[in-house]
Ligand code: NAP
């Protein structure tokens, strides 16, 4: 299967309005999330250096992880490394799996009041005995660079200038970089979690797409997906979405990440149908981290303005 890689380097190929997407069996364009994220991070490094020179403050991202899940630890390590690579500092707070909701809330409140810390990330998921919503809401909205608090969610839904949920925000950036026009298009979001599917649909709605949410109780998922101009897979079930379901020319964004580098979409089978598609890995993941760090710099800039 031949594919054309799409990155910021070759965006002159024209917009994907889904009215002019390739017809069935034309090779899908692969959306190179890593290249798009690298371009964003390179720009962020420059802006971070300028901010440090102007204020003498080094933006700091604090990551809190509860328990010893190897995948979560790897994610936190990778985010810390990327933050240092763009000129920020990082602080990782590792808490034992036995941590209570109250103890976690205390840690998050202390970080919220620490003037050295600009952004706070609570690695999801937390152990099941912890009330994740209560913990998220202990993060000050000013430092909620992962966009997980109820306040950020409300601001995002109402178009109000809070920090956006990183993965959905990153997905919009990938769609924009690919030239996908969303207004009037039918977007089907499979998954409705508070950190991914639910805010994704709201951001698409804000961009004038017509949005359908699908979830575990949806009847005939194949029929819904088959009507989508844009499919967002946000489930966590390997290859749940079959390639044959994809409408010819539809844009497919696979946010799923399952063991063995497998997404939620049957990637190879989707290639002949999709107009453009993200790979797993190298699609949504890198852009999520780029948005997290961009929002950390934005938080530092706002805090510096308040201090001045
Ligand atoms: P989650 O909280 O478990 O939510 C999964 C969603 O999928 C739920 O809304 C669930 O429906 C729905 N679902 C489950 N089985 C389904 C089925 N058979 N048909 C239709 N819908 C179904 O997961 P999440 O945190 O949103 O993560 C989803 C995936 O995205 C995971 O693979 C995760 O690793 C990945 N992810 C990637 C990034 C990134 O940066 N790349 C970031 C976050 C998450 P109900 O609501 O009805 O239960």
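The values are calculated or read from the model by the stated rules, or taken from the named source; none is laboratory data. Since the structure is predicted, the reported quantities are computational estimates derived from the model, not experimental observations. A quick note on method: Cβ atoms are made from the backbone with ideal geometry, for glycine too, and the neighbour counts reach across all protein chains shown.
So which residues in the stretch 56-68 are touching a residue at least 40 places away in the same chain (Cβ under 8 Å) and either loosely packed, with under 13 Cβ neighbours inside 10 Å or more than 22 Å from residue 140 (Cβ to Cβ) (or both)? Full working, then the answer.
If we filter the stretch 56-68 for residues that are touching a residue at least 40 places away in the same chain (Cβ under 8 Å), which is where we start, we get 57, 59-67.
Answer for the stretch 56-68, where residues must be touching a residue at least 40 places away in the same chain (Cβ under 8 Å) and either loosely packed, with under 13 Cβ neighbours inside 10 Å or more than 22 Å from residue 140 (Cβ to Cβ) (or both): just 67.
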Check residue 136 against each of (1) under 20 Å from residue 293 (Cα atoms); (2) away from the ligand (no atom under 16 Å from the Cβ) and name the one condition it does not meet.
-> (2)
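What do you reckon, is residue 262 more than 14 Å from the ligand (Cβ to nearest atom), at pLDDT 95 or above and surrounded by fewer than 24 Cβ atoms within 10 Å (Cβ to Cβ)? Reasoning before the result, please.
Numbers: more than 14 Å from the ligand (Cβ to nearest atom): no; at pLDDT 95 or above: yes; surrounded by fewer than 24 Cβ atoms within 10 Å (Cβ to Cβ): yes.
Judged against the criteria, residue 262 is not a match.
Looking for whichever is at pLDDT below 95, buried (at least 17 other Cβ atoms within 10 Å of the Cβ) and in contact with a helix residue (DSSP H, G or I) (Cβ under 9 Å, 6 or more places away or on another chain) here; the options are 202, 156. Which one fits? Even if it seems obvious, please write down each step before you answer.
Details: 202 fails: at pLDDT below 95.
The unique qualifying residue is 156.
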Give the stretch 246-258 a look and list any residue that's within 14 Å of the ligand (Cβ to nearest atom), out of contact with any strand residue (DSSP E or B) (no Cβ under 8 Å at 6 or more places or on another chain) and either in contact (Cβ under 8 Å) with a residue 24 or more places away in the chain or in a loop (DSSP other than H, G, I, E, B) (or both), or say none.
-> 257
Hey, does the stretch 120-128 have a residue that's in contact (Cβ under 8 Å) with a residue 12 or more places away in the chain, within 16 Å of the ligand (Cβ to nearest atom), in a strand (DSSP E or B) and under 30 Å from residue 55 (Cα atoms)?
-> yes
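Check whether at least one residue in the stretch 87-94 is within 24 Å of the chain's Cα centre (by Cα), under 15 Å from residue 288 (Cβ atoms) and surrounded by 14 or more Cβ atoms within 10 Å (Cβ to Cβ), and report yes or no. Quick ask: steps written out before the conclusion?
First, the residues of the stretch 87-94 that are within 24 Å of the chain's Cα centre (by Cα): 87-94.
Then drop every residue that is not under 15 Å from residue 288 (Cβ atoms), which leaves none.
No: the stretch 87-94 contains no residue that is within 24 Å of the chain's Cα centre (by Cα), under 15 Å from residue 288 (Cβ atoms) and surrounded by 14 or more Cβ atoms within 10 Å (Cβ to Cβ).
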If we ask which residues in the stretch 96-122 are in contact with a strand residue (DSSP E or B) (Cβ under 9 Å, 6 or more places away or on another chain) and crowded, with 17+ Cβ neighbours inside 10 Å, their number turns out to be 12
Within the stretch 280-298, identify whether any single residue is outside any helix (DSSP H, G or I), surrounded by fewer than 20 Cβ atoms within 10 Å (Cβ to Cβ), at pLDDT 95 or above and away from the ligand (no atom under 12 Å from the Cβ), and answer yes or no.
-> no
Could you tell me which of the residues 271, 240 is surrounded by fewer than 24 Cβ atoms within 10 Å (Cβ to Cβ) and within 9 Å of the ligand (Cβ to nearest atom)?
-> 240
Which one of these does residue 131 not meet: (1) surrounded by 17 or more Cβ atoms within 10 Å (Cβ to Cβ); (2) touching a helix residue (DSSP H, G or I) at 6+ places or on another chain (Cβ under 6 Å)?
-> (1)
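Having 2 or more residues that are without any contact (Cβ under 8 Å) to a residue 60 or more places away in the chain and more than 9 Å from the ligand (Cβ to nearest atom) is the bar; report the strands (runs of 3 or more DSSP E) wholly within the stretch 148-235 that clear it. Lay out the reasoning, then the answer.
Working: elements: 186-190, 210-214, 230-233.
Answer list for the stretch 148-235: 186-190, 210-214.
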